[in-house]
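To start, the structure under review is shown below, and the notes come after it.
The values are calculated or read from the model by the stated rules, or taken from the named source; none is laboratory data. Values in this document were obtained by computation on a predicted structure and should not be read as measured data. Cβ placement follows ideal geometry from the backbone for every residue including glycine, while neighbour counts extend to all protein chains displayed.
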Amino acid sequence: MNYSLSGGIARIMLDDGKMNVMNWGFFEELNDCLDRTLSDNAQVLILTGRKGVFSAGLDLKLLPTLSHVEQLIFQRTFAETMLKVYLFPIPTIAAYEGHAIAGGAILSFACDRFIVLDGPYKIQINEVANKMAIPTWISIICRSSIPPRYWKEVLLHSRAFTPEEAYERGIVDNLVNKGNDVLAYAEKEAENLCKLDGPAYAATKRFMRREEAEHAMDIFDKELVEWMLADNTRRK
């Protein structure tokens, strides 16, 4: 994961050379970069990835190795990190050319703007298709960006969208045509966002989102344990 700052705009590049899966190291690095963004007094944050992939979501090779206690800790780390982006006090932009699956899509929806380059890529919340329940905190983040008429299609039915399909439905804010530079497009958007009043932006975002986010974490353990018990029963 690479961090850079110029002109008041911070950039976090996800690039592990593979699929940018989310594991302990991913969350540690992302949190470090988020903290650095604030300590540097950046005005806008852009989250991007290498060409071809933003993130394939949680590390599915890691999850089966975790005990129930470790699973709780890991899932809480996931939730707290995504909600940290969702509540981040400066404008955030997800901008990339590539696939965004599960956690990768959730991270995108947690940002204030979602910009993608057109291409043969998938944007998908595939938890239900993978036999995983979607807790309240994920629903809150996704429903803040996805138009209500598509909530069922995206969250319950695990529909995969191309960038063009996602843009046509208002799931993606901006679609950049092939052959163009998606990061350059995002930086122009970031320059416009830099003109907004920082304290007012931070306070308004906090007032819009804090109460629901806090409620989601209040019931987090209950929802996760309930799903894990149901899953264990189903497997017997």
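Below is a table of values for the structure above.
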read-out: Filter result (farther than 18 Å from Met82 by Cβ and touching a helix residue (DSSP H, G or I) at 6+ places or on another chain (Cβ under 8 Å)) within the range 17-52; value: Gln43, Val44
read-out: Subset of the range 131-143 [more than 17 Å from Glu80 (Cα to Cα) and within 18 Å of the chain's Cα centre (by Cα)]; value: Met132, Ala133, Arg143
read-out: Residues of the range 72-113 that turn out to be out of contact with any Gly (no Cβ under 8 Å at 6 or more places or on another chain), touching a residue at least 40 places away in the same chain (Cβ under 8 Å), hydrophobic (A, V, I, L, M, F, W, C) and over 14 Å from Ser55 (Cα atoms), as a count; value: 9
read-out: Of all residues making up the range 143-179, the number that are in a helix (DSSP H, G or I), farther than 18 Å from Ala95 by Cα and of a type outside the set (D, E, K, R); value: 6
read-out: Any chance Ser158 is without any contact (Cβ under 8 Å) to a residue 40 or more places away in the chain and closer than 23 Å to Thr48 by Cα; value: no
read-out: Residue in the range 184-200 that is farther than 23 Å from Ser144 by Cα, over 21 Å from the mean Cα position of the chain (by Cα) and small (Gly, Ala, Ser) present; value: no
read-out: Lone qualifier among Asp173, Asp118 - being surrounded by 15 or more Cβ atoms within 10 Å (Cβ to Cβ), over 22 Å from Lys222 (Cα atoms), among the acidic types (Asp, Glu) and in contact with a Leu (Cβ under 8 Å, 6 or more places away or on another chain); value: Asp118
read-out: Qualifying position, being touching a strand residue (DSSP E or B) at 6+ places or on another chain (Cβ under 8 Å), crowded, with 20+ Cβ neighbours inside 10 Å, small (Gly, Ala, Ser) and at positive phi, among Gly49, Gly57; value: Gly57
read-out: Failed item in (1) surrounded by fewer than 16 Cβ atoms within 10 Å (Cβ to Cβ); (2) aliphatic (A, V, I, L, M); (3) modelled with pLDDT under 95, with Leu5 passing the rest; value: (3)
read-out: Those residues of the range 96-112 which are within 11 Å of the chain's Cα centre (by Cα) and either among the small types (Gly, Ala, Ser) or over 21 Å from Pro64 (Cβ atoms) (or both), in sequence order; value: Ala100, Ala102, Gly103, Gly104, Ala105, Leu107, Ser108, Phe109, Ala110, Cys111, Asp112
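Matching residues to (1) hydroxyl-bearing (Ser, Thr, Tyr); (2) surrounded by 12 or more Cβ atoms within 10 Å (Cβ to Cβ):
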residue: Ile141; (1), (2): no, yes
residue: Lys152; (1), (2): no, no
residue: Phe161; (1), (2): no, yes
residue: Gly179; (1), (2): no, no
residue: Tyr185; (1), (2): yes, yes
residue: Asp197; (1), (2): no, no
residue: Phe207; (1), (2): no, no
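Table: residues versus (1) of a type in the set (Phe, Trp, Tyr); (2) closer than 16 Å to Met1 by Cα; (3) in contact with a helix residue (DSSP H, G or I) (Cβ under 6 Å, 6 or more places away or on another chain).
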{"residue": "Ser67", "(1), (2), (3)": "no, no, no"}
{"residue": "Phe74", "(1), (2), (3)": "yes, no, no"}
{"residue": "Thr77", "(1), (2), (3)": "no, no, yes"}
{"residue": "Glu80", "(1), (2), (3)": "no, no, no"}
{"residue": "Ile93", "(1), (2), (3)": "no, no, yes"}
{"residue": "Ala100", "(1), (2), (3)": "no, no, yes"}
